[in-house]
Amino acid sequence: MKKTFAIIYLLLGLAFLYITYQKYTPGSGSVAAEVHSKPDREQQELMAFWDDYNQATERRIAGDYDSAARYYRQALDIKPAHLNSLYYMGNMQLELAHFDKAESHWVKLIERNDASARGYIQLGNLYGCQSAGTDFYNLARARRHFDKALVLNPEVSGPLLQIAKIELIQGRMKEAARHLREVLKSNFRSTEAFFLQGFIAWKHDDLSSARHLLEQSKIILTDGDEKYANVGEGQSGSVESAVSSPVPRCDLLRDEIHQLIQRYAAGPSFTAYGIYGDFEERLARFPSH
């Protein structure tokens with residue numbers, strides 16, 4: 001009898017082991033299949049994300065913004081909180097003049113990372129952009145975002161330069177001059193800072209200093225080093241963005257300054273006095289609010 005029970009227990013034990021083995025062996029609908037397939041799906045998604053992101057980067061550098069935006073969109077569909085994708089997607093939307101979409105992506109960026117100085121810089125650029133229209137142009141709002149970026153990254157001269165431009169538009173020459181001096185301490189090859197310092201000297205009837213500072217800005221611009229000199233004065237503050245990115249659509253007073261420097265460099269018929277007189281007229285076209 002005992003031997004019979006022992007055999008029964010042995011058979012039951014073997015049956016239990018067999019059922020357990022079948023249950024946890026990879027197969028259709030099994031727990032093990034789910035455990036093994038989850039990493040596979042995640043790996044596929046990760047590979048798809050990086051493929052889309054790299055495709056977007058190539059197209060952004062090539063200047064194909066519409067195509068780049070499509071790939072960034074696909075990357076964000078996989079990883080909605082990816083900070084670089086949010087940042088560059090905003091940049092692409094800006095280049096395509098989709099200002100509301102650019103704003104939306106940069107707002108998401110700073111919501112996910114409040115320490116993103118580049119996100120605040122881009123929002124500041126957008127709110128200082130006349131071509132974006134009255135729905136966006138707001139110098140007080142732009143100033144707040146540049147101030148925040150400066151707190152987050154005081155080593156980058158870009159926000160300080162933009163603040164100085166806002167102060168010039170608002171007629172606050174003393175504050176602008178102080179900030180321009182600070183810009184040149186950290187970026188001694190800032191074309192725009194030299195030009196604007198020359199304008200302030202011209203306003204104070206110091207034509208000799210104005211001429212010298214305008215000449216400095218011309219030398220930097222025509223040397224071809226300006227794209228490196230102004231790293232951090234527009235977009236992300238990185239060498240990569242300075243070299244591979246085009247002239248930004250929204251950069252307060254940048255076009256006006258560069259056009260006048262190039263005019264001055266074109267020949268002796270354009271004097272410092274005339275250049276800065278022209279700049280004063282252009283400056284007056286910017287609303288100060």
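Conditions (1) within 14 Å of the chain's Cα centre (by Cα); (2) aromatic (Phe, Trp, Tyr); (3) in a helix (DSSP H, G or I), marked per residue:
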| residue | (1), (2), (3) |
| --- | --- |
| Arg59 | no, no, yes |
| Ala69 | no, no, yes |
| Ser85 | yes, no, yes |
| Gly90 | yes, no, yes |
| Ala97 | no, no, no |
| Asp100 | no, no, yes |
| Ser104 | yes, no, yes |
| Lys108 | yes, no, yes |
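Taking into account only those residues within the range 154-183 that are over 25 Å from the mean Cα position of the chain (by Cα) and in a loop (DSSP other than H, G, I, E, B), which is surrounded by the fewest Cβ atoms within 10 Å (Cβ to Cβ)? This residue is Gly171. In the range 53-90, the qualifying residues are those that are among the acidic types (Asp, Glu) and under 20 Å from Trp106 (Cα atoms), and the one that is surrounded by the most Cβ atoms within 10 Å (Cβ to Cβ) is Asp77. Name the single residue that is surrounded by the most Cβ atoms within 10 Å (Cβ to Cβ) among those in the range 138-152 being in contact (Cβ under 8 Å) with a residue 60 or more places away in the chain and within 16 Å of Trp106 (Cβ to Cβ). Going through the qualifying residues, I end up with Ala142.
Laboratory data are not the source of any read-out in this text; all were calculated from the coordinates shown. Owing to the predicted nature of the structure, the values given are computational and were not obtained by experimental measurement. Please note: Cβ atoms are built from the backbone with ideal geometry, for glycine as well, and neighbour counts cover all protein chains shown.
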